[in-house]
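Read the structure below first, then the notes.
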Amino acid sequence: MPLDNPVFLAYKFLGILNNRSEKGEGQTGYNVKTELCLLQLDNILIALLPGEIFPELVLGGMYARTVKDAVNPEPLKDIASRYGYDNLLIIGLTNDELGYIVPPSDFLLNEKLPYIERRTDNRGEDHYEETNSVGPECAVKIAEAFESALKNLK
C-alpha cells in the first residue's frame, strides 16, 4: 500500500504502527504491507479489511465529488456479485489499521499542511478522515486486493 501520509511514516518509525514497510511508490518513498482476508460461510462472503471503509466504496453511489477528475474503484458489493456472491459482510479494523479508506472522489487535503491540518470543502464538510489515512490510493488498492482474493477463493 503506498504510504503518502508523512504522519503515518513518523508513527512507523516511532513504533506506533508495526506494519512492515519497504521502499515504494508512496509520496513518502515507502509502501506499507497489510492484509485483506476473505471468509466464506455458506453463501455469505465476509471481507476483513485493514481500516474503516466509506460506505460508497462498498455499496456504490457517491456522497460527494470534491475531487473532479478522481475515479472511485468499483464497489466491493459489485465485485463480489460478479463472482457469484450476493451476501457480503464487511468487518473493518481487522488484522491491521490503515486508518480511513476514503473514496478518491472525496479525498480532499489541506493545501498548506496536507495530512496534518483538516480541510473544509465548499459544502462546509470537514475532511478529518484524510488526516488519518495512508493516502488516496488506499481505496483502489483495497478493491484490487479484494478482487484478487476472490479469484483465489474460487
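Things worth noting here:
- Dipole magnitude of the chain about its Cα centre (Cβ charges: Lys, Arg +1; Asp, Glu -1), debye to nearest 20: 280 debye
- Candidates A47, V67, I91 compared by Cα position along the dipole of segment 1-136: farthest toward the positive end lies V67, with charges placed on Cβ.
- Efficiency of FRET between E111 and D69 - r from beta-carbon atoms, R0 22 angstrom, step 0.05: 0.85
- Segment 19-103 shape via C-alpha gyration tensor axes, a/c threshold 1.5: oblate
- The chain, relative contact order [Cα under 8 Å, separation at least 6], %: 25 percent
- Segments 137-144, 64-71, 53-60 sorted - mean Cβ within 10 Å per residue, highest first: 137-144, 53-60, 64-71
- Overall dimensions of the chain by Cα: Rg and Dmax, Å: 15.7, 50
- Taken as Cα centroids, segment 3-59 and segment 68-106 sit 12 Å apart, rounded to the nearest whole angstrom.
- Rounded if a/c under 1.5, otherwise prolate or oblate - segment 62-114, Cα gyration tensor axes: oblate
- Straight-line cross-link reach from K23 at under 29 Å between alpha-carbon atoms covers these lysines, not counting any fewer than eight positions away in the same chain: K12, K33, K112, K141, K151.
- D106 sits among other residues whose Cβ lies under 15 Å from its own Cβ, and their net charge, with Lys and Arg +1 and Asp and Glu -1, is -4.
- Portion, in percent, of the accessible area of segment 5-154 that falls on carbon or sulfur, probe 1.4 Å: 50 percent
- The residues of the chain present an accessible area of 55 Å² per residue when probed at 1.4 Å with all protein chains retained.
- Summing charges over neighbours of E25, with a neighbour being any other residue whose Cβ is under 11 Å away from its Cβ, gives -1 when K and R count +1 and D and E count -1.
- Residue among G24, G84, G15 with the largest mean-square fluctuation in a Gaussian network model of the chain, springs linking Cα atoms under 10 Å: G15
- Extended-chain gain in nm, criterion 0.36 nm per residue less alpha-carbon gap, D78 and L39: 12.3 nm
- Cα shape, segment 110-154, gyration tensor, a/c 1.5 rule: prolate
- Each stretch of four or more DSSP H residues adds -39500 (n - 2.57); spread over every residue of the chain, this sum gives -7000 deg cm²/dmol at 222 nm.
- Of all the options E52, E97, E25, the one that moves most in a Gaussian network model of the chain with Cα springs shorter than 10 angstrom is E25.
- Seen from I90, the other residues with C-beta closer than 13 Å to its C-beta sum to a net charge of -1, counting Lys and Arg as +1 and Asp and Glu as -1.
The values are calculated or read from the model by the stated rules, or taken from the named source; none is laboratory data. Just so we're clear, the structure is a prediction, and the values are computed from it rather than from any experiment. Here the Cβ is made from the backbone with ideal geometry for all residues, glycine too, and neighbour counts use every protein chain on show. Keep in mind that these areas ignore ligands, DNA and RNA; they rest on the heavy atoms of the full protein, side chains included. Shrake-Rupley method; radii C 1.70, N 1.55, O 1.52, S 1.80 Å.
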